[in-house]
1. May I ask you to verify whether B:G177 is in the same structural domain as B:D295 (by TED's automatic domain parsing) and closer than 29 Å to B:W363 by Cα?
2. So which residues in segment A:42-70 are loosely packed, with under 14 Cβ neighbours inside 10 Å and among the hydroxyl-bearing types (S, T, Y)?
3. List the residue pairs whose Cβ atoms are under 9 Å apart, where the first residue sits in segment B:189-207 and is within 19 Å of B:N268 (Cβ to Cβ), the second is of a type in the set (D, E) and surrounded by fewer than 24 Cβ atoms within 10 Å (Cβ to Cβ), and the two are 6 or more positions apart or on different chains.
4. Between A:T102, A:T98, A:T161, A:T94, which is among the hydroxyl-bearing types (S, T, Y), surrounded by fewer than 19 Cβ atoms within 10 Å (Cβ to Cβ) and in the same structural domain as A:V240 (by TED's automatic domain parsing)?
5. Looking at segment B:236-263, which of the residues that are in a loop (DSSP other than H, G, I, E, B) and open to solvent by less than 10 Å² (accessible area, probe 1.4 Å) is nearest to the other protein chains (Cβ to nearest Cβ)?
6. Does at least one position in segment B:361-380 carry a residue that is within 18 Å of the chain's Cα centre (by Cα), of a type in the set (S, T, N, Q) and more than 26 Å from B:T150 (Cα to Cα)?
7. Being open to solvent by 10 Å² or more (accessible area, probe 1.4 Å), modelled with pLDDT of 95 or more and in contact with a Leu (Cβ under 7 Å, 6 or more places away or on another chain) is the filter here, so list the residues in segment B:395-445 that pass it.
8. Does A:F194 satisfy the criteria of being farther than 22 Å from B:N268 by Cα and hydrophobic (A, V, I, L, M, F, W, C)?
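The values are calculated or read from the model by the stated rules, or taken from the named source; none is laboratory data. Please read all numbers here as calculations on a predicted model, not as lab measurements. Cβ sites come from the backbone with ideal geometry, for glycine too, and all protein chains shown count toward neighbours. Heads up: the accessible areas ignore ligands, DNA and RNA and are worked out on the full protein's heavy atoms, side chains in. Shrake-Rupley method; radii C 1.70, N 1.55, O 1.52, S 1.80 Å.
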Amino acid sequence: MPGPDMAIAAERKRVAQPTGSWVARTLDNPGVLAFLFMLPAATLLLVFLTYPLGLGIWLGFTDTKIGRSGVFIGLENYESLFQDSMFWLAVSNTVLYTVFATIGKFALGLWLALLLNNHLPAKALIRSIILVPWIVPTVLSALAFWWIYDPQFSIISWALTEMGLIDHYIDFLGTPNNARASLIAANIWRGIPFVAICLLAGLQTISPSLYEAAALDGATSWQRFRHITLPMLMPILAVVMTFSILFTFTDFQLIYAITRGGPAGTTHLMATLAFQRAIPGGQLGEGAAIAVAMIPFLLFATLFSYFALARRKWQQGGSDD
Amino acid sequence: MTGFTRRDTLKIGAGALAGTTLLGYRPAFGEVMAADVPAPKFQVEKGAELRVLRPAKFVQGDETLFLQNTERFTQTTGVKVRVDNESWEDLRPKTAVAANIGSGPDVVLAWNDDPHQYPDKLLDLTEVAEYLGKKYGGWYPIAERYGKGTDGKWIAMPIGASGGAIVYRKSWINQAGYETVPTDIDNFLKLAQNLKKNNHPMGFALGNAQGDGNTWTHWLIWAHGGAMVDEKNKVIIDSPQTVAALEYGKQLYENFIPGTMSWLDPSNNKAFLAGEVGLTANGISVYYSAKNSTDAAIKAMAEDIYHAPFPIGPVGKPTEAGLLINTMVFKHTKYPNAAKEYVRFIFEKEQYEPWQKASIGYWSHPLAAYSGNPIWTEDPKHAAYAEVMKNMLWYGYQGSLGYASAATLADFIINNMVSQVCSGRSTPKEAAAEAQRRAERYYRT
């Protein structure tokens with residue numbers, strides 16, 4: 001075993017390093033090294049995230065058209081959008097779509113997670129099957145829904161007619177409210193697995209001893225859910241909800257494949273309207289402005305999830321205040 | 001069933017020809033007549049190579065023959081050509097990017113008015129266009145409008161347009177008391193009512209359907225004398241003519257099959273082939289899928305499928321719309337002569353005629369002589385698509401082509417105006433005023 005002198009000598013030797021070239025010396029500087037290690041990730045972020053985002057924001061302040069670079073026009077795009085009823089319709093649709101779809105996804109997803117958390121035969125298999133709607137490419141499931149909602153060939157209408165419950169086919173996508181509800185239903189169907197599986201993971205981290213203790217104290221199942229499951233699940237619920245809101249708010253594929261924003265633009269979300277104006281319409285500046293207008297909503301939704309649902313004390317294991 | 005069956009019609013071939021003439025089509029001679037005009041001499045650059053961008057096939061023959069023609073060009077001139085088929089929705093942005101950055105494809109078969117969005121990036125094709133015009137009986141006026149820039153020079157040459165004619169089940173039209181589809185709008189409305197009574201209603205797309213939705217709603221407005229803008233690009237959609245068109249449209253809609261509010265482009269094809277509707281508007285594809293179907297029942301339906309032009313409204317002339325492809329060459333090409341030679345080559349009879357035939361008439365011609373292509377007479381049912389480009393108006397009618405017309409179309413302003421009224425959510429006056437506001441955002445100076 002080395003004595004204290006030897007240990008001190010070894011320490012000195014280490015401190016005296018490096019004696020090599022300036023490159024070696026520079027690389028030995030923890031600050032420089034950390035910077036170098038972060039550089040690849042930072043480059044990726046800059047090139048693929050910051051630059052496109054920055055470009056999008058810049059385009060929103062210009063009158064760029066497809067095939068023609070624009071000039072800076074300040075807030076003109078936003079002023080024009082402010083007076084555009086179609087834009088406001090898209091905003092309200094997006095908010096409505098996000099709120100209802102998120103509520104639906106979380107109510108059903110949590111329920112499903114609770115069911116799956118019980119001991120079931122062939123548990124792993126069932127859990128894998130549950131994920132199918134999430135795994136199937138959105139465009140495929142959207143096409144399936146397009147047929148399910150078809151005014152002439154809908155299987156739902158057909159089944160209800162055969163059962164004698166209705167005498168004419170339901171116009172799922174033909175009136176604004178029907179179309180909105182149908183799209184929300186399709187989005188909920190698609191989103192449930194993500195929520196359910198994430199929450200299931202959260203549920204499994206809750207110690208069974210808490211439930212045992214509660215059971216001994218005579219807590220009802222609702223009380224166990226309200227006072228154990230929900231608070232323990234809250235941190236993960238917040239994260240999952242944030243993601244879910246972001247995904248729903250920026251949804252594009254379902255709407256584009258099923259209604260293209262119709263009838264008469266009443267199911268346009270901000271994302272589909274931005275695309276319609278920017279790419280087929282050629283108004284890149286205006287499309288970018290619509291896309292940028294989504295950012296405040298997204299920030300708000302994210303902040304809401306974090307601050308309202310995931311108060312820090314919970315996350316750090318403290319008690320609710 | 002009364003009237004002719006297709007077989008009867010074929011038996012009296014000459015009679016069929018006379019019939020099409022009566023319907024207002026140009027008489028077809030079954031042969032493309034080309035005048036003896038010397039071709040411009042383009043000295044193809046040594047080692048030239050070309051890249052061509054075109055919309056992906058809608059019918060297989062379109063692509064097969066286009067590639068064969070290109071191959072033949074390579075054999076004749078030694079110029080290597082690469083053809084990229086781009087999906088319909090991506091064609092516009094890709095073309096625009098090429099125009100912006102000055103590289104990429106040399107020749108593009110672009111949509112409608114795309115060349116008018118970057119005229120200064122395009123090679124002058126006047127020499128080729130004038131030669132082709134002289135040789136093949138002249139360009140239709142619509143081709144000149146889409147092809148010529150503001151200075152009268154040809155910046156692009158329309159190669160074809162796909163139109164939506166009325167597609168109908170003859171036996172059901174006969175049952176509704178009509179021998180064929182009436183040419184006036186009053187009788188057309190009566191036909192709609194009768195068809196509905198007989199449970200074989202008509203149906204036109206009212207969802208955001210780029211092809212079928214735009215075609216018929218533009219016809220409706222134009223037929224009544226309405227237009228988005230005047231010749232000076234002043235927005236005039238909020239007019240008594242538009243209101244009259246919308247009132248008529250609403251009456252027509254009341255006799256549609258339920259559910260057309262959400263119809264996208266494929267919906268009417270599906271409903272028609274399933275026997276749900278007796279009449280709709282479409283390209284020739286419905287007839288062809290029936291004719292070539294492996295399902296005996298659907299194949300039998302082809303016998304009963306006929307085509308007719310859209311009825312003529314109070315303006316007294318055809319007011320049809322169509323989707324057009326416009327051939328253009330970018331200035332950034334390293335081989336302008338090879339590109340011009342290529343463009344000339346694909347428009348020549350030896351290439352164009354078989355291409356049009358293989359496209360089963362899906363693309364209708366811009367040059368008058370191609371009315372003589374046998375494709376238009378070998379099956380009388382093709383005739384309704386023969387003169388799409390002779391009769392069609394341009395999107396953005398009566399104004400000029402460019403950013404505003406493209407954006408207005410892409411934003412479905414006319415389409416939405418019609419569907420708002422049909423669904424009863426707006427009165428014709430409110431919808432016209434709303435469309436005026438929306439269009440003015442694009443046409444502001």
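1. Against the criterion (in the same structural domain as B:D295 (by TED's automatic domain parsing) and closer than 29 Å to B:W363 by Cα), B:G177 does not qualify.
2. A:T43, A:T50, A:Y51, A:S69
3. Filtered contacts from segment B:189-207: B:A192/B:E254; B:K196/B:E254; B:H200/B:E276; B:P201/B:E276; B:G203/B:E276; B:A205/B:D265; B:G207/B:D265.
4. A:T161
5. Out of the qualifying residues, it is B:G259.
6. Looking through segment B:361-380, at least one residue is within 18 Å of the chain's Cα centre (by Cα), of a type in the set (S, T, N, Q) and more than 26 Å from B:T150 (Cα to Cα).
7. Within segment B:395-445, B:P428 is the sole residue that qualifies.
8. Yes; evaluated as a whole, the condition is true for this residue.
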